[in-house]
1. Out of all the residues in the stretch 96-111, is one or more within 16 Å of the ligand (Cβ to nearest atom) and closer than 13 Å to Ile62 by Cβ?
2. Considering (1) of a type in the set (D, E, K, R); (2) within 11 Å of the ligand (Cβ to nearest atom); (3) surrounded by 20 or more Cβ atoms within 10 Å (Cβ to Cβ), say which one Arg40 fails and leave the rest.
3. Please determine, by comparing only the residues of the stretch 171-184 that are over 20 Å from Pro232 (Cα atoms) and polar (S, T, N, Q), which one is nearest to the ligand (Cβ to nearest atom).
4. Could you figure out which of (1) farther than 29 Å from Glu134 by Cβ; (2) of a type in the set (Lys, Arg); (3) out of contact with any helix residue (DSSP H, G or I) (no Cβ under 9 Å at 6 or more places or on another chain) isn't true of Arg88?
5. Please identify the pairs in which a residue from the stretch 65-89 that is of a type in the set (Gly, Ala, Ser) has its Cβ atom under 7 Å from the Cβ atom of a residue that is near the ligand (Cβ under 6 Å from one of its atoms), counting only partners at least 6 apart or on another chain.
6. Name every residue in the stretch 310-351 that is crowded, with 17+ Cβ neighbours inside 10 Å and at pLDDT below 75, in order of residue number.
7. Tally the residues that are surrounded by 19 or more Cβ atoms within 10 Å (Cβ to Cβ) and either on the phi > 0 side of the Ramachandran plot or charged (D, E, K, R) (or both), restricting the search to the stretch 129-147.
8. Residues in the stretch 192-199: is at least one within 24 Å of Asn229 (Cβ to Cβ), part of a helix (DSSP H, G or I) and within 14 Å of the ligand (Cβ to nearest atom)?
Amino acid sequence: MSLIGDLTDNSKPTDYGPDIMQFDELKQLYDLPFFDLIQRSRKVHEANWPENEVQLCTLLSIKTGGCSEDCSYCAQSARYTTTVDAGRLMEKDEVMERAQHALDNGSTRFCMGAAWKGVRDGTKRFDQVLDIVESVSELGMEVCTTLGELGEIEAQKLKEAGVTAYNHNIDTSPEYYKNIVSTHTFQDRLNTLRHVQDAGMAVCSGGILGLGETTDDRIKMLEILSNFNPQPESVPINSLVPIPGTPLAESQGVDSFEVVRMIAIARIAIPNAKVRLSAGRKQMSEELQTLCFFAGANSIFYGDKLLTTGNPQSQADLNLLQKLGLEPQKPNRGKDSPEAEDTRPREPALA
Ligand code: SF4
């Protein structure tokens, strides 16, 4: 059975569940006439997400700037001169205040990010993070963290403290990755994602459009994500917001229709994932966001600020959802992370 049916015949999608797709099939989808593509992605979306709901996630930077890594899009790297100053780890009381505020405003998921290469068990800062996570998880929201690289022990301890999902983006294709980061490898990213899944946390992993990559790089990125076993629970699709002072400061934006195409093939390739319309949404019109929701996006970052860049005002988001008849999704802390299938490898194969 094929997830998408005969690619040449619009009338015949035959199955809407996960069906692991490889590059050629994804590329054929990407190259379909625009309306044919979003018609297919809409069918997959409706079969898997019939509730007309959008997940609202609040993202809080609990430790900003001063990162030792050199991701060339990032305002928080200590290697670039940007307007972001290095800060200290936020006190627990302040994080709790922000988490409560997010909950009161309808957030489903609270995601805490720290600009670190990674965390190590036995360090003071990791103990502090675990303490913060334990308290935030008692509020009842899904709890996500993004702290850089994790080993097996760190992943296990985060899971025990109450983390339900871990964000670690693969950003782009394995081949292009070395052009945007030199201080860690693509395989390092995959290793952390393996530890996250082995500890029983859900994986949140996606990419960034507009790094100078080709369309093929974008599709390869999705191929890798769709070949995870289990597939990611959420897939953020970011559009680069160029930051003055970073190597990608002069990057030209991404064509709106290419963003929609990526949302659509993410929905088809990873049908059970929340596909998150992430960075760059502030620059999108309401109509473009609506097209993204129609094509398969069902999650947004909610709140006035992402880690260091702007985001639409919360009330504007709620107004848009109301206009579209969409509801904020309820948190589901009890939902198990996706299960691995016995019949295929746990790791995506790198060429
Ligand atoms: S993306 Fe993360 S790891 Fe890379 S420089 Fe920014 S904060 Fe550091």
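1. Taking every residue of the stretch 96-111 in turn, at least one turns out to be within 16 Å of the ligand (Cβ to nearest atom) and closer than 13 Å to Ile62 by Cβ.
2. So the condition that Arg40 fails would be (2).
3. The extreme case among them is Thr183.
4. (1)
5. Every condition considered, the pairs that remain are Gly65/Gln76; Gly65/Ala115; Gly66/Ala115; Ser77/Cys67; Ser77/Glu69; Ser77/Cys71; Ala78/Cys67.
6. Asn311, Pro312, Pro331, Ser337, Pro338
7. Matching residues across the stretch 129-147 total 1.
8. For the stretch 192-199, residues within 24 Å of Asn229 (Cβ to Cβ), part of a helix (DSSP H, G or I) and within 14 Å of the ligand (Cβ to nearest atom): present.
The values are calculated or read from the model by the stated rules, or taken from the named source; none is laboratory data. Bear in mind the structure is a predicted one, so any value in this text is a computation, not a measurement. We place every Cβ from the backbone using ideal geometry, glycine too, and count neighbours over all the protein chains shown.
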